[in-house]
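To start, the structure under review is shown below, and the notes come after it.
The values are calculated or read from the model by the stated rules, or taken from the named source; none is laboratory data. Bear in mind the structure is a predicted one, so any value in this text is a computation, not a measurement. Using ideal geometry, Cβ is built from the backbone for each residue, glycine included, and neighbour counts are taken over all protein chains shown. Quick note on the areas: whole protein, heavy atoms, side chains included, nothing else; ligands and nucleic acids left out. Shrake-Rupley method; radii C 1.70, N 1.55, O 1.52, S 1.80 Å.
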Amino acid sequence: MKFSIEWLQEYVDTGDLSPEILAEHLTMLGLEVDSVEPIFPELTKLQTAKIVQVESHPNADKLNLCQVDNGEEVLSVVCGAPNVFEGMITAFAPVGTVMPGGMKIKASKVRGVKSFGMLCSEAELGLSESHDGIMELPAGTAHGQTLRKALGIDDLVVEVDLTPNRPDCASVIGIAREVAGVTRTPLTRPVEETTLEPNYNDFKVDVENIEFCPRYSARLIRNVKIGPSPWWLRKRLLSVGLRPINNVVDITNFVMMEYGQPLHAFDYDKISGKQIIVRNPRNSETTFTTLDGEERNIDNHMLMICDAEKPIAVAGVMGGLNSEVTGDTINILLESACFNPVSIRKTARKLNLGSEASYRFERGVDPGGCLVVLERAASLLCEIAGGTAAEGGVDYYGGVRPLNSQTLRISRTASLLGIDLDYDKIANHLQSIGMRCKPKDDNTLWVNPPTFRVDIEREVDLVEEVARLVGYNNIPTSLPTVHLSYPEKDPKRELRTSVSSLLADTGFTEAINYSFVTEKHQDMMQLKEDDSRRQLVQLLNPLSEEQSVMRSMLLPGLLENLKRNINFQQSAVKFFELGKVFTPQGEDEQPVEKERLTCILSGRRAGTSSSLYADDAVVDIFDAKGVAELLLETLRLQGCDAVDTVFFRYPEENESEVFAEPSQCLILDTKEGVVGQLAKVQPAIAKNFGIKTEVYFIDLDFELLSSLLGAKKHFSSLPVFPAIKRDIALLVPVSTKAGDMLETINKSKEKFIEATEIFDIYQGKPLEKGMKSVAVSVTYRSPTKTLTEKNVNKSHNKLINLLTSRFNGSLREG
C-alpha cells in the first residue's frame, strides 16, 4: 500500500511529525513501513523554462530553433514539437540530465545547429502517454524553478507492508485513521455518511448468489464526457504507481485508493435489458474476454456480473471488454459492491489475474462503506466529467451480517498487557479508531467494531488493538515468573527413549517405516478372516497402491526391511520398530491408535563380526527370549519385588499367532493381560516375503507395557563383609522348569541369600531316562557380619530340602 504525505494530510493533520517519526509510529501500530522515498526522483534535475523566441530550423522544415530561458541563462534548443510557441512555459532538461528512460542529455548538433538541452513531453517524463507535443505548464508559472516543485510533486511516497488481516488500511483514509488514533486529531473524510433512495426505473439488480455477494450498490451517471483527468487527480494516481487512463477510470481508481473500496464503471448503453444479475456462469458460458483483451476460461464456481443476456465482468477481479468505457461512452453505470473474499481469491488464482481490486476484495472490504464510496465517485464524475447523477439507485444488502458486538474485560486486558488500565483509558483508545464503547459492568465493556474492521472477531483481537494504541514501546518489559521446579517428564516418552537405547545397545537397529502400507500384508501373514487386524483404515487419496491403507501391525514392515537387506547381502539382521498401529472405528470417527514394539532377529548371531573372534552360529528362540528377559529386567518387571510381574508361559491351544511356529513360541503374560509373544516365523510366511532364512520375532503391546509398575529402585552401600558361594546340583524330572527352581529359592525366607544363578543343565547318560541335572549357584552374604560355616550350612541345607521336596528331586552324586 502506497500513499504520499501530501495526500495523507488531506484527511488528518500530522502536525510537526517528520516522515521518519510518522513511519516509526505506523510500524509500531503494526503497519510496517518498507520505504519512504521522493516522488519521481528522476525528475529532480529538470527545470521549468520559458520559450522567449521560436525560429524555423535553417536546415529542416519540421524542426524549430528555440531560445529557452531557464532562469539562469538563455540557451538554444532544437525542438520538433508542433505545439511550441513564444512565451510558453514548459519542462526543460539541461545538459547532463538523465531521463526516466535512462537517456542522458548531451549538447549535440541537430542538422548542423547546436542544441543545449531538451524540451520534454509528458510521455518522455513518464507522467502520461501523451506524445502530442511538449508539456505545457499553466501561464504564470515561474520559470527557473525545479519541475517537481512546479508540478507539486516535491513530496514523499510511503510504502506500507500490510498484513492480510488489515484490509481496512489498504486505503489512504485507513492509514489516516491509524495516524489520527496516535495524534488524537480528527479524521476528515470527503463523504461521512449518506443514503440512497431506491430507484428501479433506469435499471434493476438481481443477486442470485448472496453468499458470494452480500451487498451490491449501483448508480447511473448520465452525459459524461470522456477525457483526460485534471493534473491534481493524475498526480495522486502517479504518486502511488497507477497509470492515468481517462477521467472516468481515474476517478474509480482514485476513490479505491482513497477509501479502499474498489469500483467499476460499465458503459450503461451496452448493458442488455438494463439489468444487472450477479450469478455464477451457466453451463454454456465457458469463456469470457476481459478488459485486457484476453479470452479466459470460466467455470460455474466463479462469480460473474451479467446483464440480461451475458456476463459483462468477472466480479471483483476485472471488467469485460463488452461493457468497457471508451471515448464514445455517454452514460455510466457505477458499481460499488462487497464480494466474498474466498471466492475472489480462488477466481483470481484460477484466472492468473491479479489486480488492485482483487487484492482488496481477497482480504475483505467494508460492507458498510459501499454507499459512501458510491456517493464520492458520483460527485467527482459530475464535477470532473460533467455528468449528471440520476436520482437514487439500487442498494441490495441481503447478505450483510449484523454487527459483531464484543465484550472486553478490563482486568483481562490489563493482565495480558501487564499495565494498569481502566474503562476511560481503554474506551478512549478504541474510540480513536472508530469503535463504539459503552460500559456493561465495572469490569466489562461492550465494544462495537466498525464494519470496516472485518478482522475483529474475538476479545483477544480487541486486546491487541489496545496494545497497538497504547504503544508497544510503552508496555514495560518484564521477565515471566518461572518456578524453580523440575519439569515433569512424560513417563511414556521416557520409556520409549530408554527401550530404544537398550535395544540399540544390544545390537539392534531401529527401523522407522511408513504408516501407509499395502493391504496385501494381511494375506501374506495368512491372518484369519475374523482377525480384527484385517479391518483396515482406507486412505481416500493414496500415494500408490502400495500405500493405500494404514497398518494394523508392525511385523510385515520389518519383514520387508529384512528382505531388502538380504537382497543387499546383509543377512545378519536385528531390527526393532516402536510405532503406531491403527484400528478403524466407524465412518465418521477417527481410528484408534495404539503403540506396539516389534523386534526381528535373523542370520548370524555375531552379526558382521569377524569369524576370527566369533563362531558362525545363527540366532534361535533363546536369543529372542534373552532380549525379552533383558528388557523386562531393565524395566524391573521380573522378580519377586515387581508390582506387575511379567512371566513367560507356553501358549494355550490356538493362542499363538497364525504366523508363528507353535513349538517355538512363548507368551509374555501378566495379571493385567497378555503383553505379547515371541516366536519363530513360520517358513511359509517368511517365504511370502521372499525370505528363506529363519526369522524370530518379539511383538509387545507397548501401551500395556508402559502401564505396568516395576519394582521400586533400592539403593544400598557397597558390601563390607565377604560373600560365600555354594552350589546345588539336583536331579529332577525333565518336566521341571529351571526358572521355577530359581523362583522358589528367591521367594524363600532365607535372609542371607544375595543372588542365585543357574550355571548348568544336563540331560543324558549316565542320568536316568526322564531325569535332568540342574546346577544352581547360591551367593550368601550378611550386611552386618562375616558369615560362619554354621550360618551358611544351616541356610543351605534348608534350601536343599525345600527344592528336593517341591520338585521331587535328589542331590546328584559325583
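Suppose the filter is part of a loop (DSSP other than H, G, I, E, B), loosely packed, with under 15 Cβ neighbours inside 10 Å and β-branched (V, I, T); does T779 pass it?
So T779 fails the test.
So G399 ticks every box in (1) modelled with pLDDT of 90 or more; (2) open to solvent by less than 70 Å² (accessible area, probe 1.4 Å); (3) not in a strand (DSSP E or B) but one. Which box is left unticked?
(1)
Within the range 603-644, how many residues turn out to be open to solvent by 30 Å² or more (accessible area, probe 1.4 Å), among the charged types (D, E, K, R) and assigned to a loop (DSSP other than H, G, I, E, B)?
Summing the residues that are open to solvent by 30 Å² or more (accessible area, probe 1.4 Å), among the charged types (D, E, K, R) and assigned to a loop (DSSP other than H, G, I, E, B) in the range 603-644 gives 6.
Hey, can you tell me all the residues within the range 186-196 that are open to solvent by 30 Å² or more (accessible area, probe 1.4 Å) and out of contact with any strand residue (DSSP E or B) (no Cβ under 8 Å at 6 or more places or on another chain)?
P186, L187, T188, R189, P190, E192, E193, T194, T195
If I ask for residues that are open to solvent by 10 Å² or more (accessible area, probe 1.4 Å) and assigned to a loop (DSSP other than H, G, I, E, B), which ones from the range 683-710 would you list?
Once the filter is applied, which keeps residues that are open to solvent by 10 Å² or more (accessible area, probe 1.4 Å) and assigned to a loop (DSSP other than H, G, I, E, B), the range 683-710 yields G690, K692, T693, E694, L708, L709, G710.
State whether one or more residues within the range 84-98 are under 48 Å from the mean Cα position of the chain (by Cα) and in contact (Cβ under 8 Å) with a residue 24 or more places away in the chain.
Yes, there is a match, as at least one residue in the range 84-98 is under 48 Å from the mean Cα position of the chain (by Cα) and in contact (Cβ under 8 Å) with a residue 24 or more places away in the chain.
Restricting the first residue to the range 424-436 and requiring it to be of a type outside the set (S, T, Y), which pairs with a second residue that is assigned to a loop (DSSP other than H, G, I, E, B) meet a Cβ separation below 7 Å and a spacing of at least six or different chains?
G434/P450; M435/P449; M435/P450
Pairs please, first residue from the range 741-755 and more than 19 Å from G809 (Cβ to Cβ) and among the acidic types (D, E), second anywhere and in a loop (DSSP other than H, G, I, E, B) and open to solvent by 40 Å² or more (accessible area, probe 1.4 Å), Cβ atoms under 6 Å, 6+ apart in sequence or on different chains.
Pairs found: E754/R781.
Report every pair of residues separated by at least 6 positions or lying on different chains whose Cβ atoms are under 7 Å apart, first residue within the range 707-733 and farther than 27 Å from E494 by Cα, second among the basic types (K, R) and surrounded by 12 or more Cβ atoms within 10 Å (Cβ to Cβ).
P719/R781; F721/R781; A723/R781; A729/R812; L730/R812; L731/R812; V732/K772
Among the residues of the range 113-137 satisfying the criterion of being among the hydroxyl-bearing types (S, T, Y) and assigned to a loop (DSSP other than H, G, I, E, B), which is surrounded by the most Cβ atoms within 10 Å (Cβ to Cβ)?
S121
All but one of (1) closer than 27 Å to R649 by Cβ; (2) hydrophobic (A, V, I, L, M, F, W, C); (3) without any contact (Cβ under 8 Å) to a residue 60 or more places away in the chain hold for L803, so report the exception by its number.
Answer for L803: the failing condition is (3).
Of all the residues that make up the range 534-577, how many are in contact (Cβ under 8 Å) with a residue 60 or more places away in the chain, touching a Ser or Thr at 6+ places or on another chain (Cβ under 8 Å) and open to solvent by 30 Å² or more (accessible area, probe 1.4 Å)?
Final tally of qualifying residues: 3.
What is the number of the single condition among (1) open to solvent by less than 40 Å² (accessible area, probe 1.4 Å); (2) without any contact (Cβ under 8 Å) to a residue 24 or more places away in the chain; (3) in contact with a strand residue (DSSP E or B) (Cβ under 6 Å, 6 or more places away or on another chain) that V74 does not meet?
(1)
Could you list, in sequence order, all residues of the range 161-177 that are over 16 Å from E6 (Cα atoms) and open to solvent by less than 50 Å² (accessible area, probe 1.4 Å)?
Listed by number, the residues that qualify are L162, R166, P167, D168, C169, A170.
Within the group G174, G140, G181, G144, which residue is over 25 Å from D250 (Cα atoms) and in a helix (DSSP H, G or I)?
None of the others qualify; the one that does is G181.
For the condition touching a residue at least 24 places away in the same chain (Cβ under 8 Å) and not in a helix (DSSP H, G or I), what is the one hit in K45, K106?
Result: K45 is the single residue among K45, K106 that is touching a residue at least 24 places away in the same chain (Cβ under 8 Å) and not in a helix (DSSP H, G or I).
Picking from D669, D740, which residue would you name as being open to solvent by less than 80 Å² (accessible area, probe 1.4 Å) and assigned to a helix (DSSP H, G or I)?
Checking each option against the conditions leaves just D740.
All but one of (1) open to solvent by 50 Å² or more (accessible area, probe 1.4 Å); (2) without any contact (Cβ under 8 Å) to a residue 12 or more places away in the chain; (3) in contact with a Lys or Arg (Cβ under 9 Å, 6 or more places away or on another chain) hold for G764; which doesn't?
So G764 meets the others, but not (1).
For the range 8-15, indicate whether the set of residues that are closer than 30 Å to I89 by Cα and touching a Lys or Arg at 6+ places or on another chain (Cβ under 8 Å) is non-empty.
No, the range 8-15 has no match at all.
Restricting to the range 452-476, name every residue that is without any contact (Cβ under 8 Å) to a residue 60 or more places away in the chain and β-branched (V, I, T).
Correct list: I456, V460, V463, V466, V470, I475.
Tell me, which strands (runs of 3 or more DSSP E) lie completely within the range 279-385 with 1 or more residues that are open to solvent by less than 10 Å² (accessible area, probe 1.4 Å) and among the hydroxyl-bearing types (S, T, Y)?
Result: 332-338.
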